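Participant: Got a structure for you, questions after.
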Amino acid sequence: MGARFQTQRACHWSILQLMLMSCYFSGYTAFQPEFAEPIKNMSIPIGRDATFHCVVHHLGGYRVGWVKADTKAIQAIHDHVITHNPRISVSHNDHTTWNLHIKSVQEEDRGQYMCQINTDPMKSQVGSLDVSVPPDFTEETSGDLLVPEGGTVKLTCRAKGHPVPYVQWRREDGKDIIIREPAGTKTKVTSYQGETLQLWKISRTEMGAYMCIASNGVPPTVSKRVMVNVHFHPVISVPNQLVGAPLGTDVTLECHVEAFPKSINYWVRDTGEMVISSSKYDVQSDSRSPFEVKMSVAIKNLQQDDAGSYRCIAKNSLGEVESSIRLYEIPGPTKTTYTIPMDEEDYNDQLGSAERDQEDDILNNIQDKDKPSGLSTQESLGKMNSLERSNHVADSGAVCQRAHVRLFLVAWAWWIKQQM
């Protein structure tokens, strides 16, 4: 097959030489043709169109040909396309500018193209075509990985393209990449350059998505997301292992769980009863990261039988762990209710016989000891009662005022008795 191709190429070259020479003898003029300007080199993205321009002065009866220099394959002679490539065409403008068109360039079109004039000796000049290819990943690029905590993971990212792509690694969450050397040194970097990223003694905090980014100046830049999962058995931490609250209040218990794969989390009382959301309990689970969860239970309207031990339990395929929180009652504020009588009748109805007898004794004793003062306490109290009855109103402010006066008199009578 190779020998046949070489033979065909040699034949094409010979035909070109004969055609150009025949044109030379038939088209000789007084002025020799010459190139007016060099052919410009081009760099074209794959899939775009490319055109070489060959400007010739004083062409006369000579002919222009196009040859792919690296393979010596004839592309066209004057107005005729020789190659069988359907993407090749030629055009010219007033026998001065001769154009070679390559439609939708491909990587195999990359190389040098020669514009020739059939003079003796032959005149020629060369232009170069570079076909740029945007980056793309090969099948050797790593997929998602699962590694035990403390192990080593190797991430590989292979990219092809022209020019050769530049490859770097970044974390999707923007956190630093931790580079540990076997000697024990540790370095934090925002990005890592190179096709292979190796993470030694990986920890759970390094879990997440790693982005491989490849670029070579040819749009578009491409990226691939590689998920690194670090698996470990559950761990529970409890902010408060002893929690107290007054009766009748709401109280919340919390446990913080770390586990991967994600654990099954639940609450159990010391009685063996599983705690689930209800009118009494509000059970919540708040995910903080791929491996962190805050589990909580809110106990509403705390009662004495709610006190005791509550266990938070976390379980995954690698193990099970639990921790307990002790809930106890603490004394709350004491509420005292004062009842103010609305009138004299209600006041007397609320006093028992023993209380009325005690009040009479106090008033009698004060009367006996306080005769020199001219007006007895009982007389004063009677006058006060008469005044109250004559000025009785339904307003609650007046009722409160009379009650305060009565309380004052009783307290004053008791103090006088104590001083005797």
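Participant: Output ³J(HN,Hα) for the stretch 55-68: one whole-Hz value per residue in order, computed from phi by the Karplus curve 6.51 cos²θ - 1.76 cosθ + 1.60 with θ = phi - 60°, and x for Gly and Pro.
Facilitator: 9, 10, 9, 6, 5, x, x, 6, 10, 10, x, 10, 9, 7
Participant: Measure out, as a whole number of angstrom, how far apart the alpha-carbon centroids of the stretch 211-277 and the stretch 300-330 sit.
Facilitator: So the two Cα centres are separated by 17 Å.
Participant: Continuing with the same structure: Rolling a 1.4 angstrom probe over the protein chains, ignoring ligands and nucleic acids, what is the accessible area of residue 152 in square angstrom, nearest 10?
Facilitator: Rounded to the nearest 10, the figure is 70 Å².
Participant: Quick one: how many Å² of residue 46 are accessible to a 1.4 Å probe, rounded to 10?
Facilitator: The value for residue 46 is about 60 Å².
Participant: Can you send over the carbon and sulfur percentage of the accessible area for the stretch 161-266, probe radius 1.4 Å, protein chains only? All intermediate terms of the calculation are to be shown ahead of the outcome.
Facilitator: Numbers: 2870 of 5570 Å².
Summing carbon and sulfur atoms, their accessible area is 51 percent of the total for the stretch 161-266.
Participant: First compute the accessible area of the stretch 28-131 with a 1.4 Å probe, then give the percent of it belonging to carbon and sulfur atoms.
Facilitator: Working: 2630 of 5290 Å².
Of the solvent-accessible surface of the stretch 28-131, carbon and sulfur hold 50 percent.
Participant: Still on this model: What ranking do 166-177, 205-216 get when scored by the average of other Cβ atoms within 10 Å per residue, highest first?
Facilitator: Highest-to-lowest ranking by the protection proxy: 205-216, 166-177.
Participant: Exceeding 32 Å between C-alpha atoms, which entries from my cross-link table qualify? They are 175/280; 224/262; 103/123.
Facilitator: Pairs exceeding the cut-off: 175/280.
Participant: So, one more: Given a 1.4 Å probe, how much area per residue of the stretch 41-89 is accessible, in Å²?
Facilitator: Heavy-atom accessible area per residue stands at 48 Å².
The values are calculated or read from the model by the stated rules, or taken from the named source; none is laboratory data. This one's a predicted model, so the numbers in the text were calculated from it and none came from an experiment. Heads up, the Cβs are rebuilt from the backbone with ideal geometry, glycines too, and the neighbour counts pull from every protein chain shown. These area figures cover heavy atoms from the full protein model, side chains too; ligands, DNA and RNA do not enter into them. Shrake-Rupley method; radii C 1.70, N 1.55, O 1.52, S 1.80 Å.
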